[in-house]
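For reference, the structure is listed below as structure tokens.
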Amino acid sequence: MPQHLLPNKKFWKNSKGVSGIIATIFLVMIILFLYANVFIFIQRENTRFQDVVSEVNQMDIDRSSEKLIVSNLNYTVVEDKVHVEAQVTNDGAVSIQIITIWVVDKTIQKYGHNDTLNINLKTGDTLIFTESNALRVTIKGSSSSNVFTSWFVTVRGNLVPLEEEQGIIVAQLAQGIGSLALDFEKFRYFTYESPQKLSNYPTGTVSFNVPKNEYVAFGCYLTNLDPSKQTITIDSHSLFWQPGRPGVAEGAWFIVNVNEDGTINGAYSPISLKYGETKMFVFASQNDLALGSFSRAKTPNTVTTVATFLLLHGTLGSTAYAQNIPFVSLFYN
Amino acid sequence: MSVVISNVLMACAVIALGFAVYYWTWLRVSDVNLEYANVTEENIARIREKLDFEYIFYNTSENELTVYLLNWGKSGDVSLASVYLGNVSWSQSFYDIELRFLNGTLTQSLDILEEGYFQISVALVTNTSYFIRIATGRERLFATTFIA
């Protein structure tokens, strides 16, 4: 073998500088160890964070997958306890846990809740709350003839309104003649306690027989069923109109704002109605309050039957909106 | 002999210094890891916070706004730092919010699936749309709109 290919004995015999190499290797290993420690730790923390992000996203997806169908909804009041009867079906892709029910009595503007429900509904399950199983919420001063709205709160933070599925007839009606629906059965009138204060507000008298030659105001419940689900705002140019005919004077009752104690405000601020929301609108003023001052209106001094109309004016979302509803017929006596 | 002793002493000093540097570096690395873990933990707690507005009621006769909340997230101990209320032409901030459970008991925070409410004395215009923003102790914002 050639001499230059043999191991260099001189190199191996001379150990100067080896300690430096070993120290450098140690130093590099220590640095690598420390770096790997930090790197692996940060990687693990990032993975944990990503897992939580995925978990939170899944929570949101599950939340939006909840779907409850409510039917046969009915409210009755027994000794200040509102009994909510309904058939509830879980029509969504996930199981639902209902923890609270809220009920608002829109007539007396009071509300209550029951947070002891803890009802579990698997996908496709139906529960019927009726009679002794009815859900109960305490609202002092409530009455069965009042208007209610209610909603469930689920464990995923969803608010599920308890409202009957709006059938196609109602939807077509809303598209055909307008987005506001009226409740004939809740129509009422008010007499006056003083020139600008209604008596027995907001209960009034639920009747289609109205005293003749009397200062009255009318209360009408309207529901926003707009197919595009936009908020409707009613302005001061809206009125309850009773056309005249030979022997019967025409009557106009413009929209007003009424305080809880029945006092009518001299100025009118527009009333907004969200989709699905029901509110009572009071019509009382002889004048449009944007154009004149408040003056109460009187029924004709004739015993007769008349037709009435609701002429509504305002905005639907951000666009102008108006609707003429052929309303109830009244008998003045 | 003295050369050997001095070499041994030198070697010992170098090794001791090496260990000291290594120990110090290890402590710094541990501090960095701990700080990173704390930041991650805070961020996780923040994104797991979920508050829902169950109901907002404005009492016109008493000028009092009542806001009902549900903590439906996976983070407990959700406190309220401030509330921001307003509309297109007006806004106001509220601090020192008194949070209560639904039974009226005062509480500092809501744990998971707990419901509570707070009240604010404020004069609002009825039938007007307002927004409300809640800032939690972990600096999450939850907002909604309502009609007074």
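Along segment B:96-104, what does the Karplus equation 6.51 cos²θ - 1.76 cosθ + 1.60 (θ = phi - 60°) give for ³J(HN,Hα), rounded to whole Hz, x for Gly and Pro?
Those phi angles translate into 6, 6, 8, 8, 10, 6, 4, 7, x Hz.
Could you calculate, for segment B:76-148, the ratio of the Cα radius of gyration to the Kirkwood radius, expressed as Rg to Rh?
0.98
Within 10 Å of each Cβ in peptide B:72-79, how many partner chain Cβ atoms are there on average? Round it to a whole number, please.
Counting Cβ atoms of other protein chains within 10 Å of each residue's Cβ and averaging gives 2.
Got a sec to turn the phi values of segment A:96-105 into Karplus ³J(HN,Hα) couplings, 6.51 cos²θ - 1.76 cosθ + 1.60 with θ = phi - 60°, whole Hz, x for Gly and Pro?
Coupling constants for segment A:96-105: 10, 10, 8, 10, 9, 10, 10, 10, 10, 8 Hz.
Write down the radius of gyration of the protein assembly as shown and its Dmax, each obtained from C-alpha positions, in Å.
When restricted to Cα atoms, the protein assembly as shown yields Rg and Dmax of 35.9, 140 Å.
Please average, across the residues of A:152-159, the number of beta carbons from any other chain that are within 10 Å of each residue's own beta carbon, and give a whole number.
Mean shielding count: 5.
Based on the mean of other beta carbon atoms within 10 Å per residue, what is the order of A:301-309, B:87-95, A:107-115, B:124-132, most packed first?
A:107-115, B:124-132, A:301-309, B:87-95
Between A:Phe331 and A:Met29, how many nm apart are label points set 7 Å from Cα along the C-beta direction?
10.7 nm
For segment B:1-47, evaluate the Debye formula with one uniform point scatterer on each Cα (no solvent term) and list log10 I(q)/I(0) at q = 0.23, 0.31 Å⁻¹, rounded to two decimals.
The Debye formula, applied to the Cα set alone, gives -0.78, -0.96.
Which whole number in µm²/s is D for segment A:68-161 by Stokes-Einstein, with the Kirkwood Rh taken over Cα pairs at 25 °C and 0.890 mPa s?
Roughly 184 µm²/s, to the nearest whole number.
Provide a whole-number value for the mean count of partner chain Cβ atoms within 10 Å of the Cβ atoms in peptide B:48-55.
Taking all residues of B:48-55 together, the mean is 5.
Among the aspartates and glutamates, select those whose C-alpha is under 12 Å from the C-alpha of A:Lys140, and discard any that sit fewer than 8 residues away in the same chain.
A:Glu79, A:Asp80, A:Asp105
Compactness ratio of segment A:168-332: Cα Rg over 2.2 N^0.38 Å, N = residue count?
Cα Rg divided by the expected 2.2 N^0.38 Å: 1.00.
In whole percent, what relative contact order does segment A:31-92 give with Cα contacts below 8 Å and a gap of six or more residues?
Relative contact order comes out at 26 percent.
Looking only at Cα atoms, what is the convex hull volume of chain B per residue, in Å³?
For chain B, the hull spanned by Cα atoms encloses 153 Å³ per residue.
Restricting to DSSP H runs of at least four residues, report the calculated mean residue ellipticity at 222 nm for the protein assembly as shown, -39500 (n - 2.57) per run over all residues, nearest 500 deg cm²/dmol.
Only helices count here, giving -8000 deg cm²/dmol.
Return the long-range amide H neighbours of A:Leu198 (sequence gap of 5 or more, or a different chain), with a cut-off of under 5 Å between placed amide H atoms.
Sorted by chain and number, the residues that satisfy this are A:Glu193, A:Thr263, A:Ile264.
Distance from a point 7 Å along Cα→Cβ of B:Asn63 to each backbone N in segment B:108-128: keep the residues under 20 Å and list them by number.
Counting backbone N atoms under 20 Å from the label point, the list is B:118-128.
Which log10 I(q)/I(0) values, to two decimals, does segment A:195-261 give at q = 0.11, 0.18, 0.20, 0.23 Å⁻¹ under the Debye formula with one point per Cα?
Treating every Cα as an identical point scatterer, log10 I(q)/I(0) equals -0.38, -0.93, -1.08, -1.27.
List the pairs from A:Lys197/A:Lys274; A:Lys110/A:Lys274; A:Lys106/A:Lys212; A:Lys110/A:Lys186 whose alpha-carbon separation is above 26 Å, in the order I gave them.
The pairs that break the limit, which is 26 Å between Cα atoms, are A:Lys197/A:Lys274; A:Lys106/A:Lys212.
When Lys and Arg each count +1 and Asp and Glu each count -1, what net charge do the other residues less than 10 Å away from A:Thr304, Cβ to Cβ, add up to?
Net local charge, A:Thr304 excluded: +2.
Nearest 10 degrees is fine. How inclined is helix A:168-177 to the longest principal axis of chain A, computing both from alpha carbons?
Result, in degrees: 70.
Coordinate-derived values only; no laboratory data. Note that the structure is predicted; figures quoted are calculated from it, not measured. For neighbour counting, all protein chains shown are included, and Cβ atoms are generated from backbone atoms with ideal geometry for every residue, glycine included.
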